[in-house]
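J.: Below is a structure I'd like to ask you about.
The values are calculated or read from the model by the stated rules, or taken from the named source; none is laboratory data. No experiment lies behind these values; they were computed from the predicted model shown. Quick reminder, even Gly has a Cβ in these numbers, built from the backbone with ideal geometry, and neighbours come from all protein chains shown. Remember, those area values only see protein heavy atoms, side chains included, never the ligands or the DNA or RNA. Shrake-Rupley method; radii C 1.70, N 1.55, O 1.52, S 1.80 Å.
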Amino acid sequence: MKLSRNDVCWCGSQKKYKKCHLELDNKLSALRRVGYKIPPHSMIKNEEQIKGIREAAIINNGLLDEIEKQICAGMSTEDIDNITTKYLKEHDASSADYQYQGYPKSICTSVNDEICHGIPSKKVILKEGDIINVDATTCYHGYYADASRMFMIGNVSDEAKRLVEATKECLIKGIESIKPFQSTIGDIGKAIEEYATSQGYSVVREFCGHGVGLAMHEDPYIYHYHTHTPTCVLVPGMVITVEPMINQGKRFLHIGKNGWTAYTNDGLLSAQWEHTLLITEDGVEIISQ
Ligand code: MF3
Ligand code: CO
Ligand code: CO
């Protein structure tokens, strides 16, 4: 069904199509004609939705800041979960992780050789030299934001520090590849994998970034490695995460006995950083910072 200029826009803004997404649709059609794969409208957020996602991101960042302030050797990962439930409650928000496909806690805490989905536990006590990824997804008034950071506990080895910093650089390189109306989802993974391998590291393939906003996980998948399958061009209004998991050794993993936590097969370290990003008219905005 083709909308007329004076019809209400498909995005839910209640504005006339000609004053809303008509111009975007014309640009998308032009890109399609020159061979690009185009994202469906369901991947494009309207202004109201973006406002809601920003509000969720502010709380999610505040939570990670609070954890950053408190995290130290001697603390258990369950303590991080307790900070999370308290902080989110105080901010009228909730954890998107809690009971997601049966996930038992409110945040993910992945230590050393744990790649992702480490489950907070009283038994896991942080010690000097550990590296830990803390991954938080906040739901606020129906909108979602997702971000994670690495923390180094006390003095960590030079090798661990180098991995943590290179992984952050992988995220930055992925973000810098984004050029609205020009680059594709595939370009993100290409940039990440090129940098990771140049540093002697490998990229986990089993977990990807994703669309986010009205749910924790939405289409499209965001690959962190060079995929040779065609992927969509990135356009304004898309909200996605980039969250590379980078291994010191080989990329291969296994899932532990709890059914959630992913570990490196070779027992070497893994790191991850994640941001929620909004594609804008002329670039990209990191909304989770
Ligand atoms: N925050 C994770 C992500 O980046 C998802 C965690 S789901 C959970 O996509 F159930 F493990 F918490
Ligand atoms: Co995510
Ligand atoms: Co996350």
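J.: Return the pair list, or none, for Cβ contacts closer than 8 Å from residues in segment 130-159 that are closer than 18 Å to residue 80 by Cβ to residues that are at pLDDT below 95, at least 6 apart or on different chains.
T.: Close Cβ pairs (under 8 Å, with a partner that is at pLDDT below 95) amount to 147/289.
J.: Hand me the list of strands (runs of 3 or more DSSP E) wholly inside segment 180-271 holding 3 or more residues that are free of Cβ contacts under 8 Å to residues at least 40 places away in the same chain.
T.: Here the list is empty.
So that you can scan it fast, the table gives a plain yes or no per residue for (1) small (Gly, Ala, Ser); (2) away from ligand 2 (no atom under 16 Å from the Cβ):
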position	(1), (2)
215	yes, no
235	no, yes
239	no, no
260	no, no
266	no, yes
275	no, no
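J.: Mind listing just one residue for me: the one in segment 99-113 that is under 17 Å from the mean Cα position of the chain (by Cα) and buried (at least 17 other Cβ atoms within 10 Å of the Cβ) and, of those, nearest to ligand 2 (Cβ to nearest atom)?
T.: The qualifying residue nearest to ligand 2 (Cβ to nearest atom) is 108.
J.: Against the condition away from ligand 3 (no atom under 16 Å from the Cβ), open to solvent by 10 Å² or more (accessible area, probe 1.4 Å), over 26 Å from residue 24 (Cβ atoms) and at pLDDT 95 or above, how does residue 173 come out, does it pass?
T.: So residue 173 fits the description; yes.
J.: Please work out which residue is nearest to the chain's Cα centre (by Cα), limiting yourself to segment 238-266 and to residues that are open to solvent by 20 Å² or more (accessible area, probe 1.4 Å) and charged (D, E, K, R).
T.: Among those that are open to solvent by 20 Å² or more (accessible area, probe 1.4 Å) and charged (D, E, K, R), it is 251.
J.: Tell me, yes or no, whether segment 110-129 has at least one residue that is assigned to a helix (DSSP H, G or I), among the acidic types (Asp, Glu) and at pLDDT 95 or above.
T.: Taking every residue of segment 110-129 in turn, none turns out to be assigned to a helix (DSSP H, G or I), among the acidic types (Asp, Glu) and at pLDDT 95 or above.
J.: Further question on the same structure: Taking the residues in segment 128-170 that are aromatic (Phe, Trp, Tyr) and open to solvent by 40 Å² or more (accessible area, probe 1.4 Å) as candidates, determine which candidate is nearest to ligand 3 (Cβ to nearest atom).
T.: Residue satisfying both the conditions and the ranking: 144.
J.: Just to be sure before I move on: is residue 191 in contact with a helix residue (DSSP H, G or I) (Cβ under 6 Å, 6 or more places away or on another chain), under 22 Å from residue 111 (Cα atoms) and open to solvent by less than 50 Å² (accessible area, probe 1.4 Å) in the structure I sent?
T.: no
J.: Of the residues 60, 82, only one is closer than 24 Å to residue 276 by Cα and surrounded by fewer than 17 Cβ atoms within 10 Å (Cβ to Cβ); which?
T.: The conditions single out 82.
J.: Right, another one. Going through 92, 65 one at a time, which residue ends up being surrounded by fewer than 21 Cβ atoms within 10 Å (Cβ to Cβ) and in a helix (DSSP H, G or I)?
T.: After ruling out the rest, the residue left standing is 65.
J.: Okay, next question. Taking residue 235 as the residue in question, decide whether it is among the aliphatic types (A, V, I, L, M), within 16 Å of ligand 3 (Cβ to nearest atom) and surrounded by 18 or more Cβ atoms within 10 Å (Cβ to Cβ).
T.: no
J.: Something else now. Of the residues in segment 204-222, how many are over 20 Å from residue 51 (Cα atoms) and surrounded by fewer than 21 Cβ atoms within 10 Å (Cβ to Cβ)?
T.: Residues flagged as over 20 Å from residue 51 (Cα atoms) and surrounded by fewer than 21 Cβ atoms within 10 Å (Cβ to Cβ) within segment 204-222 amount to 5.
J.: If you scan segment 3-25, which residues turn out to be within 17 Å of residue 280 (Cα to Cα) and open to solvent by less than 90 Å² (accessible area, probe 1.4 Å)?
T.: Hits for segment 3-25 are 11, 20, 21, 22, 24, 25.
J.: Moving to a separate point now. Would you please list the contacts, defined by Cβ atoms under 8 Å and residues six or more apart or on different chains, that run from a residue in segment 4-16 that is in contact (Cβ under 8 Å) with a residue 12 or more places away in the chain to a residue that is surrounded by fewer than 14 Cβ atoms within 10 Å (Cβ to Cβ)?
T.: Taking only residues 6 or more apart or on different chains, the pairs are 9/19; 12/48; 13/47; 13/48.
J.: Out of segment 40-55, which residues are out of contact with any Asp or Glu (no Cβ under 9 Å at 6 or more places or on another chain) and surrounded by 15 or more Cβ atoms within 10 Å (Cβ to Cβ)?
T.: If the condition is that a residue be out of contact with any Asp or Glu (no Cβ under 9 Å at 6 or more places or on another chain) and surrounded by 15 or more Cβ atoms within 10 Å (Cβ to Cβ), then 44, 45, 46, 49, 50, 52, 53, 54, 55 are the ones that fit.
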